[in-house]
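Each value in this text was obtained by applying a stated rule to the coordinates, not by laboratory testing. Owing to the predicted nature of the structure, the values given are computational and were not obtained by experimental measurement. We place every Cβ from the backbone using ideal geometry, glycine too, and count neighbours over all the protein chains shown.
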Amino acid sequence: VDTISKRKRSEVMRSIRKTDTRPEVAVRRLLHAMGYRFRLYAKEVPGRPDIVFRSRRKEIFVNGCFWHQHCGCVFAREPKSNRSYWIPKLEGNRRRDRRVRRMLTTAKWSHLTIWECQTGRAKNLERKLRGYLERL
Ligand SMILES: [Zn+2]
C-alpha cells in the first residue's frame, strides 16, 4: 500500500530530479580533479543541461537510471505498483530527453550522457569523460 500522497510524491520527485544528485556531484568532482572548468544548469543552452563547457560547445547530462529509464539497466525496472502514475511519468521523462537532444543537435552542441550506474568506477568514468571532452 502506498501511503505517500500524490502531492508529497511529486515534491519528492522534483527534489530528486533537479540539482545536485549524488551521481552528478561525483561527476563534477571528478571533472574538477581532472582540471576541467564548466558551468552548471546554463539557462541559455537548450534543455538547461547539468554540466556545460561553453567554449567547446559540449555538455554532459548525468542521468538517474530509473528516472530516465536507462535502456536494459537493472536500475531502470518499471515499478510494479502505481503503474498508472509511474508509466506516463517515466514516458514523459524519456520524451523530454529526446526533445532536448534534438534541440541540442540542431543548435550544434554535442552532448554526452553519463548514467548513474556508470559513476561508481572512477577510472572508467575518467577515461570516458576525457575521451569525450578532448575529441574535436
Ligand atoms: Zn543504468
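Would the chain count as rounded, prolate or oblate if I go by the C-alpha gyration tensor, calling it rounded below 1.5 in a/c and otherwise prolate when a/b exceeds b/c, oblate otherwise? Prolate is the answer for the chain, as a/c is 1.5 or above and a/b outweighs b/c. Relative to the dominant Cα principal axis of the chain, helix 83-106 is inclined by about 20°. What's the angle, to the nearest 10 degrees (0 to 90), between helix 6-17's Cα axis and the longest principal axis of the chain? It is inclined by approximately 10 degrees. Work out, step by step, the length gained on full extension between C117 and C73: first 0.36 nm times the residue separation, then minus their alpha carbon distance; give nm to one decimal. Extending this stretch completely gives an extra 15.0 nm. Computed over segment 21-136, relative contact order equals 28 percent, with contacts defined as Cα pairs under 8 Å that lie 6+ residues apart. From helices alone, the chain scores -14500 deg cm²/dmol at 222 nm; the rule is -39500 (n - 2.57) for each run of n ≥ 4 DSSP H residues, then divide by the residue total. The calculated FRET efficiency for the pair Y41 and S81, based on their C-beta separation and a Förster distance of 35 Å, comes to about 0.60. Taking Cα atoms only, the orientation of helix 122-134 departs from the longest principal axis of the chain by about 60 degrees.
Between R102 and L136, residue separation times 0.36 nm minus the direct Cα-Cα distance comes to 10.2 nm.
DSSP beta bridges fully contained in the chain are about 45 percent antiparallel.
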